[in-house]
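Novice: Got a structure here, written out as structure tokens. Questions coming.
Only the coordinates and a few stated rules stand behind these numbers; no lab work does. In this text the structure is predicted, and so the values were computed from the model without any measurement. Every residue, glycine as well, gets a Cβ built from its backbone with ideal geometry; the counts of neighbours run over all protein chains shown.
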Amino acid sequence: MSSTLAPDIALAVRRAAERATLAPSIHNTQPWKFVIGAGRLDLVADAARHLAVIDPTGRQRAISCGAALFGARVALAAAGVEVVTQLLPDPGNPDLLATVTIIGPSTEGAEHAARLDAAADSRHSNRRQFLPEAVPAAVIDLLREAAAVEGAWLQPVTTLDDRIAVATYSQHADSLQNADGAYRAELRAWTTADPDRLDGVPASAVPQVNGGAHDDVPIRDFDTASAGELPEETRSSLYQTMLVLGTGGDQLRDWLIAGQALARILLELTSAGFAASIFSQFAEVPGPRQGLRHDLRLSGQPHLMLRVGRADATPATPRRRLADVISGG
Ligand SMILES: Cc1cc2nc3c(=O)[nH]c(=O)nc-3n(C[C@H](O)[C@H](O)[C@H](O)COP(=O)(O)O)c2cc1C
């Protein structure tokens, strides 16, 4: 590929960086930067958007960036652009998380990619009560395959013992965190009722919290200013469809893989008409994380749990200005 991109491919690269910013991120920190170069798109971690209390190792920041990377990849595939993605291309610069190199035009897989890319507009974390209906086995198989394609695994929580373990470890982690002033201060800093703020979790996306949630598996309490706009009753039951996402290893590369898998799973399920919310408290506290790993006999490290089902839509959360996130080109 020459260093000057054909105009349509250059446009596709720019658009891919824009679409990537729709990805989910821990506390909506959007901890990514995209740099458009000659025949390539670089993903760089934004070290300033680090959550020191719940994410001291940067694991969830990397998962968030991996999710954004998948958004860029799928947008390019949808536009008929073939790429090669290299994770951590520069051992001397761990903030350079990935390089996406443009190979040239290709239509392979473009139709499926276009469906996933389109789903990014309606994929939003959904913290509402879900309908009490089972998610079809074919959908779960599709999601497990999505995880596997990206090099991660997705394990359904099926037995009563395993369901109780997920609920118990989540409750334990959640209560330890809420008892920690530093955790609460960090959460307050990243939740907002200000409609003009461009990051953080907005009140429009979180349930009111007044003690009437009836959750077995606690949804994180983002209602720090008693301004949550979604209904209080969320009924996150231990009988709901729960899937644990993990990877074999627990290094930066594994976290980027987990993020790409997360995004592929979420876009597949959105495209199939389902909603999801993410639970990561259990994996943020070492005891519960290792307990769940042991009790569910997981081969590797769990990163988060997804609750999947059907529910009314929830609003989009804000995103930073593209000029602050994308450079070059
Ligand atoms: C690694 C990671 C962990 C997350 N953990 C939680 C969580 O524990 N509870 C929750 O409600 N949402 C969680 N989220 C969802 C984010 O809060 C959400 O993606 C962000 O606010 C942006 O909103 P959106 O997903 O609707 O675009 C997590 C997201 C990521 C990527």
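Novice: Please compute the contact order of the range 7-122 in relative form: average sequence separation of alpha-carbon pairs under 8 Å and at least six residues apart, divided by the residue count, as a percent. Before the final figure, lay out the partial values.
Specialist: Working: 203 pairs, mean separation 33.5, N = 116.
Once normalised by length, the contact order is 29 percent.
Novice: Same structure again: Compute a Gaussian network model of the chain, connecting alpha carbons closer than 10 Å, and tell me which residue from Ser237, Ser25, Ser64 fluctuates the most.
Specialist: Of Ser237, Ser25, Ser64, the most mobile in the Gaussian network model is Ser237.
Novice: Out of every Cα pair in the range 1-49, what percent are spaced more than 14 Å from each other? Each step should come with its number before you reach the end.
Specialist: Numbers: 647 of 1176 pairs.
Cα-Cα pairs in the range 1-49 separated by more than 14 Å: 55 percent.
Novice: So for the chain, what percent of the C-alpha to C-alpha distances run longer than 30 Å?
Specialist: Numbers: 16476 of 53956 pairs.
It works out to 31 percent of all Cα pairs.
Novice: Got a sec? Charge dipole of the range 137-309, +1 on Cβ for Lys and Arg, -1 for Asp and Glu; which of Ala213, Ala182, Leu245 is way out at the positive end?
Specialist: About the Cα centre, the residue reaching furthest to the positive side is Leu245.
Novice: Still on this model: Tell me which of Ile36, Leu69, Ile54 sits at the most positive position along the dipole axis of the range 7-122, charges placed on C-beta atoms (Lys, Arg +1; Asp, Glu -1).
Specialist: Ile54
Novice: Extension gain Ala10-Thr159, at 0.36 nm per residue separation less the Cα-Cα distance, in nm? Intermediate results must be reported in sequence, preceding the final value.
Specialist: On the way: separation 149, 0.36 × 149 = 53.64 nm, distance 4.98 nm.
Separation in residues times 0.36 nm, less the Cα-Cα distance, equals 48.7 nm.
Novice: In the chain, which helices (entire DSSP H runs) extend 24 Å or more along their own long axis, judged by Cα positions, while averaging at least 0.0 on the Kyte-Doolittle scale?
Specialist: Passing helices, by number: 59-78, 252-271.
Novice: Another question, if that's okay. Between Asn178 and Glu111, what FRET efficiency follows from the Cβ-Cβ distance if R0 is 51 Å, with the result rounded to 0.05? Working shown, then result.
Specialist: Working: r = 46 Å, r/R0 = 0.89.
E between Asn178 and Glu111, to the nearest 0.05, is 0.65.
Novice: Any chance you could run the full-extension gain for Asp90 through Val149? It's 0.36 nm times the residue separation minus the Cα-Cα distance, nm to one decimal. Intermediate values should be presented prior to the final figure.
Specialist: On the way: separation 59, 0.36 × 59 = 21.24 nm, distance 2.44 nm.
Going from the current span to full extension adds 18.8 nm.
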